[in-house]
1. Determine which member of the set 93, 13, 77 is in contact with a strand residue (DSSP E or B) (Cβ under 7 Å, 6 or more places away or on another chain) and crowded, with 21+ Cβ neighbours inside 10 Å.
2. Could you please find all residues in segment 162-176 being part of a strand (DSSP E or B) and at pLDDT 90 or above?
3. Kindly indicate the residue of segment 107-150 that is of a type in the set (Ser, Thr, Tyr) and more than 24 Å from residue 173 (Cα to Cα) and also least open to solvent (accessible area, probe 1.4 Å) among those meeting that condition.
4. Looking at residue 70, is it of a type outside the set (Phe, Trp, Tyr), open to solvent by 60 Å² or more (accessible area, probe 1.4 Å) and over 16 Å from residue 112 (Cα atoms)?
5. Taking only segment 177-188 into account, find how many residues are surrounded by 13 or more Cβ atoms within 10 Å (Cβ to Cβ) and modelled with pLDDT under 85.
6. In segment 153-173, which residues are among the hydroxyl-bearing types (Ser, Thr, Tyr) and more than 21 Å from residue 119 (Cα to Cα)?
7. Based on this model, can you work out whether residue 80 counts as without any contact (Cβ under 8 Å) to a residue 24 or more places away in the chain and either hydroxyl-bearing (Ser, Thr, Tyr) or not in a loop (DSSP other than H, G, I, E, B) (or both)?
8. Anything in segment 17-40 that is hydrophobic (A, V, I, L, M, F, W, C), part of a loop (DSSP other than H, G, I, E, B) and open to solvent by less than 30 Å² (accessible area, probe 1.4 Å)? List them, or say none.
Amino acid sequence: FAAGAETSGSFEYSVLDDGTASIKKYIDNGSKTVDIPSTIDGYKVTEIGLSAFEGCTGLKSVTIPNSVTEIGYCAFYGCTGLKSVIIPNSVTYIGYGVFRGCTGLTNVTIPNSVTNISLPTHTFWGCTSLNNITVDKNNKNYTSVDGVLFNKNKTEILIYPSAKGLSSYVIPSSVTEIDMCAFKGCTGLKSVTI
């Protein structure tokens, strides 16, 4: 980091070595919606940092600007009221546990720009209302089939949304690997056909 944490409005930020800014902390003022700025004090915002919004339980909607390329570890961890997050087509990296514990989140769309989701199961761990993951058809790394997240060539199941009420599942013949905890939270699961 080129500088220590600064404060502007409802955000604490740091200036990165490349002269852009990372949102370090959202100062929760009880707002239900947040629009993250694309610039802060003249610095382009390129990153939402580690645990920046952690525990903001009253937050319902977040808009992320097109300037952001990275969403860091546990950025929205425990935002239980969060229902809507707009992930722009500029984001290439979604960190470990970003939406962990977001029990109100029902749908997620992964844009074609995303090349790396750090441990997808942990990214959505505890999202008990999540019933659909959609991936942009032009994404070269991930795909979704009926709301289930796969790697692009459908050889690995990355996550099955637990809110789908799964009682049985037929694993496609293309699958050669099932990611750790891919079916976590599927408490009604009675049969799996391989």
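The values are calculated or read from the model by the stated rules, or taken from the named source; none is laboratory data. Quantities reported herein were computed from a predicted structural model and do not represent experimental measurements. Reconstructed Cβ throughout: ideal geometry from the backbone, glycine too, with neighbour counts over all protein chains shown. Note: areas computed on protein heavy atoms with side chains; ligands, DNA, RNA excluded. Shrake-Rupley method; radii C 1.70, N 1.55, O 1.52, S 1.80 Å.
1. Exactly one residue qualifies, and that residue is 13.
2. So in segment 162-176, the residues part of a strand (DSSP E or B) come out as 168-170.
If the condition is that a residue be part of a strand (DSSP E or B) and at pLDDT 90 or above, then 170 is the only one that fits.
3. Out of the qualifying residues, it is 123.
4. The answer is no for residue 70.
5. Count: 4.
6. Once the filter is applied, which keeps residues that are among the hydroxyl-bearing types (Ser, Thr, Tyr) and more than 21 Å from residue 119 (Cα to Cα), segment 153-173 yields 167, 168, 169, 173.
7. When the stated conditions are applied, residue 80 does not pass them.
8. Filtering segment 17-40 down to residues hydrophobic (A, V, I, L, M, F, W, C) leaves 21, 23, 27, 34, 36, 40.
Add one more test, that the residue is part of a loop (DSSP other than H, G, I, E, B), and what stays is 27, 36.
Within segment 17-40, just 36 meets the criteria.
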